[in-house]
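Please read the structure below before turning to the comments.
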Amino acid sequence: LDRLPGPSVKLLDQVKTELLHFLIIRLLRDSKSKDLKKMIMLGSPEYYVKSRSWQALCVLSRFVTPEIAQDVCVEIFDCLGEPLHGQIRYFVEVFCIQCSRSYPQIFGQKIADQITRLDLNLQEISSIMVITGNLVVGKYKTDFLSNKDVIDLHTVLAGASPWLSSTQGFSRGIAQLLVHALIPLAIDVKKEPEPNDSDSNWHLRSLFRFLDENPDMKRVRVKQSHFFDSYDADTACTPKFVFTIPVDEGGDANPENMIDIIKQCLVEVYAEARGDNAPIWKRVQEMLEAEESQSDEGGDEDLREVNFQRKIIPLETLNLAFEEAQERRLRNVAGRTKQPLVVCASLIDKVPNLGGLARSAEIFA
């Protein structure tokens, strides 16, 4: 399929409509989950169907023509609302960026409509902000903003600004980068208010000054100054790229997801900004994690070397750290509370039965 000529270069209409258009729409529909609120399991058949579908769609993105662009747009944003693993979401975002560059009028309006919705989940709004950042302030802004009316920047700002106060770090970090880059495009941030002049954009100027001058905001921006230039969508839509991506433990493509990058960036910024001023419970948690890591790597002998001198931690602080760790264990990968498990067994006086039961119980631990 990659060797086929482009849709505008000697491509038979029958091949375009009956093969390529059919494949694109079929892959989009096959990649949808039956349960839109449930995270699929890594390594499951459904996971591989989704992963391969979106990789193939990226390769086929150049065959999205005006006849199917509107249908493709609807299907993409439906899929963005699903809880997806980062490995799959990466290809969804790349495919959306490529289609948006080709059809900015269709996708620009959809982005503006979606970003102002009040019912978006954290993954969905983060993906929309990443896509918007790449198209409006990133390397693809020339393609996307060739027509200034393609997207209302004030609408995008209205949708992204509330996420500056998000409780989740990655969505807050992406919103900070996007809003800081968008405000100068929407208004003149250097304009000084004149006496007796009612400035309707004073709140945006104030917000921009805070994002521009606050030390913590600066740290995030310096580390991620090229965040919205990170996606090389043209390269990502080639079979060579798909077949050379590093793989995970299951042998499947594992590209670097932008949300994971911003998470790591925020962790580094927190460490640099706080250092020894971090809360005691945070230092306890880091100490326990370091101890566990060194125990796994070096055995008991290394652990004794680490423990020869240690600051005494108040008991209530340790309890707080342990309670938090216990709470994390009570939740599954999707963040939902684990359900209690009741096991009924007989003949457990026999060692093989007891051993098998113990191994089975360990799976659910």
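The values are calculated or read from the model by the stated rules, or taken from the named source; none is laboratory data. Just so it is clear, the model here is predicted, and its values are computed rather than measured. Glycine gets a Cβ as well: all are built from the backbone with ideal geometry, and neighbour counts include every protein chain shown. Just so you know, the surface numbers come from the protein's heavy atoms only, side chains and all, with ligands and any DNA or RNA stripped out. Shrake-Rupley method; radii C 1.70, N 1.55, O 1.52, S 1.80 Å.
Any idea which of 127, 102 is out of contact with any strand residue (DSSP E or B) (no Cβ under 9 Å at 6 or more places or on another chain), open to solvent by less than 20 Å² (accessible area, probe 1.4 Å) and among the hydroxyl-bearing types (Ser, Thr, Tyr)?
127
How do the pairs read when you match residues in segment 7-20 that are touching a residue at least 24 places away in the same chain (Cβ under 8 Å) with residues anywhere that are assigned to a helix (DSSP H, G or I) and of a type in the set (Asp, Glu), using Cβ under 8 Å and keeping only pairs 6 or more apart or on different chains?
So the pair list comes out as 17/67.
Among the residues of segment 21-31, is there at least one that is in contact (Cβ under 8 Å) with a residue 60 or more places away in the chain and not β-branched (Val, Ile, Thr)?
Scanning segment 21-31 turns up no residue that is in contact (Cβ under 8 Å) with a residue 60 or more places away in the chain and not β-branched (Val, Ile, Thr).
Among (1) open to solvent by less than 80 Å² (accessible area, probe 1.4 Å); (2) modelled with pLDDT under 80, which single condition is residue 187 missing?
(2)
Within the bounds of segment 107-119, is there any residue that is buried (at least 20 other Cβ atoms within 10 Å of the Cβ) and in a loop (DSSP other than H, G, I, E, B)?
Looking for residues that are buried (at least 20 other Cβ atoms within 10 Å of the Cβ) and in a loop (DSSP other than H, G, I, E, B), one finds none in segment 107-119, hence no.
Where the second residue is open to solvent by 50 Å² or more (accessible area, probe 1.4 Å) and polar (S, T, N, Q) and the first is at pLDDT below 80 and lies in segment 36-48, which pairs have Cβ atoms under 7 Å and are six or more apart or on separate chains?
No pair meets every condition.
Can you name the residue in segment 221-247 that is open to solvent by less than 40 Å² (accessible area, probe 1.4 Å) and either over 17 Å from the mean Cα position of the chain (by Cα) or at pLDDT 80 or above (or both) and, of all such residues, is nearest to residue 135 (Cα to Cα)?
Top of the filtered list is 233.
For residues in segment 248-266 being open to solvent by less than 90 Å² (accessible area, probe 1.4 Å) and either in a helix (DSSP H, G or I) or hydrophobic (A, V, I, L, M, F, W, C) (or both), which is modelled with the highest pLDDT?
Going through the qualifying residues, I end up with 253.
Checking residue 34 against (1) surrounded by fewer than 13 Cβ atoms within 10 Å (Cβ to Cβ); (2) part of a helix (DSSP H, G or I), which test does it fail?
(2)
Please specify each residue of segment 6-29 satisfying the condition of being at pLDDT 85 or above, under 29 Å from residue 252 (Cα atoms) and either loosely packed, with under 12 Cβ neighbours inside 10 Å or of a type in the set (A, V, I, L, M) (or both).
If the condition is that a residue be at pLDDT 85 or above, under 29 Å from residue 252 (Cα atoms) and either loosely packed, with under 12 Cβ neighbours inside 10 Å or of a type in the set (A, V, I, L, M) (or both), then 19, 20, 23, 24, 25, 26, 27, 28 are the ones that fit.
Counting just the residues of segment 135-159 that are surrounded by 14 or more Cβ atoms within 10 Å (Cβ to Cβ), assigned to a helix (DSSP H, G or I) and of a type in the set (Val, Ile, Thr), which one comes out modelled with the lowest pLDDT?
Of everything passing the filter in segment 135-159, 150 is modelled with the lowest pLDDT.
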